[in-house]
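In what follows, a single structure is set out as structure tokens and then discussed.
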Amino acid sequence: MEWIAALFKKCNCLLRKIADMKSRSALILIFLGALALTPGVAQQEQSPVSAVPLVNADDLLAKPVGSNWPSYNGDYTGRRYSLLNQINAANVEQLHAAWVFHPGNSQRLEATPVVIGGIMYVTSANDVFALDARAGRVLWHYTRPVSSGLLDDAASHKNRGVAVWKDSVYLLTDDAHLLRLDARSGGLIWDVEYADKTKHYGATSAPLAVKDEIIVGTSGGDSGVRGFVSAYDALTGKQKWRFWTIPGPGEFGSSSWPGKTYLYGGATTWLPGTYDPDLNLLYWTTSNAAPDFVGDSRPGDDLYTACVLALDPDSGKLKWYFQFTPHDLYDYDANETPVLVDVQENGTTRHLLVQANRNGFFYVLDRTNGKFLQATPFVEKLNWATGIDSSGRPQLSGRIPTAQGTYICPGIEGATNWFSPSYNPGTGLFYFMALESCNIFFAKPKPFTRGETYYNTGTKRVPGESSQKILLAFSVPDGKAVWRYPQTGDGGSWGGTMTTAGGLVFFADDADSFEAVDAASGRSLWHFNTGQQISASPMAYAINNIQYVAIAAGSDVFSFTLSH
């Protein structure tokens, strides 16, 4: 093996250096040299990090974020709004690439980097890299082999990033393990298996640090699993609570899940949620029901699929829920980020939760109690429902998947998807990528079989019909589009958005470019062609009063700053 040859070479070098040392000391040095080369452990540069800033409660509670970007969405609100304004509409055309980092083990990075005190943590599959965020230089690298025997998204080894807490970095692996790493060295502190990969659970999410807990979700909704959200003690790794997103026998909502269907009904939780510390409520969204396109085995509304859940982060108890697509037959999961927005109305502050849903409607809820306030369509191609009634339930058109095929809009990828939205309190606008697309949906009942995906057939595109991505800016109080920026491309981009106090919206366009537009008007101001399809969302940070913006594109991480 190559690593054994490298170990032998390093040991010979160490032996020459320590010829006059006591044998015990020599053995210790040899062991440390071996450890640095052993697969599955962290490897450091010769000049390791001398000091790693501790992540304190104020870092995680910052709203909005500035120099640091301490979690997947920046702050707990999910707004992806940065206070940094050094890069602005007047000078963004001077933006240039400061550095590019190539992890080397993925062609489709989906992570949003986390930055604390000038150190960037970014993931690729089961690997974590700590980088000097000024130059992209590797400080340490934790590596773990990808897992075998996985299904669907987990089998692609997707990973969307880390959580940080105090002096630790937390990672979810493709086979649903929660790892705690030492932020100073990348060394593994503990490893907790929180779901069984042999039952086809996996993980593609970034975890979320709340108080002294690490909140995790699971993927595998199309693989026949029972979804859940769990919290683990950040220090010890001990499970503190688990909320099952499909009720068991005798529980509220279980009538939709006769027999053992609750054990493989989906409702997975594969994106991190948001959190309101004032209300002490955790908001987490759930995926589609399984099987995707046939609902005979799961009559009724199929709770808690395609929902947003408000959970007590201390106990995991459900406070309220709202279901966007009851009895989903279209794979319209609700995992898009539930964004927390406050608006002034008649002298009072309204605490809202907003989401651009995959089903094609933009929703506004009261986040204190889950009350439905309004929903408006944001795409033109929408025929599965004719509208949303006063209670928030869809008014169905009768179009459902059939054996012969049914033309349904939005298509299988949804009117939007997991790529991140953002909200700018300065403009009062909510920004997200929409997709105008339709598919022919097919249904063919088939019993659940362990080890196989549980779709009950699928979809295909209409020959000659095109799709189009559009960057939309929505007014939250009105639920209406203020401006639209149609994209040039085939609708295949998967990148999200980020907005700043500099009056900008950064996003991944549909032509493989990282782009910035005016946040008030949507006017294009700058773009950088990465040459790769983008499947991640941007972020911002600052070091020594110099602002950077970064995004993962294809197999690389790019960081940009102004010319100096």
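All of the numbers you see were taken from the coordinates with simple rules; none came from a lab. Just so we're clear, the structure is a prediction, and the values are computed from it rather than from any experiment. Ideal geometry is used to build each Cβ from the backbone, glycine not excepted, and the neighbour counts take in all protein chains shown.
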| field | Inter-centroid distance (Cα atoms) of the stretch 69-86 relative to the stretch 205-223, Å | value | 19 Å
| field | Added length on full extension, which subtracts the Cα-Cα distance from 0.36 nm per residue, residue 404 to residue 57 | value | 119.4 nm
| request: Considering the options 146, 479, 391, tell which one lies farthest towards the positive end of the dipole of the chain, charges being +1 on Lys and Arg and -1 on Asp and Glu at the Cβ, about the Cα centre. | output: 146
| What percent do you get for the relative contact order of the chain when only Cα pairs under 8 Å and 6+ apart count? | 14 percent
| request: Determine the distance separating the Cα centre of the stretch 116-163 from the Cα centre of the stretch 271-319; give it in Å without decimals. | output: 27 Å
| remark: Here the relative contact order (percent) of the stretch 136-261, from C-alpha pairs under 8 Å and at least 6 apart, is 18 percent
| task | Could you tell me, in Å, what Rg and Dmax come out for the Cα atoms of the chain? | result | 23.7, 84
| Going toward the positive end of the dipole of the chain, with +1 on Lys and Arg Cβ and -1 on Asp and Glu Cβ, which of 430, 118, 189 do you reach last? | 189
| task | Would you list, by chain and number, the lysines whose Cα falls below 22 Å from the Cα of residue 381, excluding same-chain residues fewer than 8 positions away? | result | 460, 469, 480
| field | Cross-link reach list, aspartates and glutamates versus residue 371, counting only Cα pairs under 16 Å and skipping chain neighbours closer than eight places | value | 342, 389
| query | Which distance in nm do the two modelled labels at residue 193 and residue 212 give, with both placed 7 Å along the Cα-to-Cβ direction? | reply | 2.8 nm
| said: Can you list residues from other chains, or at least 5 along the same chain, whose modelled amide H is less than 5 Å from the amide H of residue 54? | reply: none
| Roughly how tilted is helix 23-37, in degrees to the nearest 10 and between 0 and 90, from the longest Cα axis of the chain? | 30 degrees
| task | Determine the calculated [θ] at 222 nm for the chain from helices alone, applying -39500 (n - 2.57) to every DSSP H run no shorter than 4 residues and normalising by the residue count; nearest 500 deg cm²/dmol. | result | -2000 deg cm²/dmol
| note | For the chain, longest principal axis from Cα atoms; helix 2-17 axis from its Cα atoms; angle between them, nearest 10 degrees, is 30 degrees
| note | Scalar couplings 3J(HN,Hα) for the stretch 432-448 by Karplus 6.51 cos²θ - 1.76 cosθ + 1.60 (θ = phi - 60°), nearest whole Hz, x for Gly and Pro, are 7, 8, 10, 10, 8, 7, 9, 9, 8, 9, 10, 10, 8, x, 8, x, 5
| said: Bin width 5 Å, origin at 0, all Cα-Cα pairs of the stretch 145-282: what percent of pairs per bin? | reply: 2, 11, 19, 22, 19, 14, 8, 3, 1, 0, 0
| request: Would you work out which of 353, 402, 375 lies farthest towards the positive end of the dipole of the stretch 326-406? Charges go on Cβ: Lys and Arg +1, Asp and Glu -1. | output: 402
| request: Could you size up the charge dipole of the chain around its Cα centre, putting +1 on the beta carbon of Lys and Arg and -1 on that of Asp and Glu, and report it in debye to the nearest 20? | output: 1000 debye
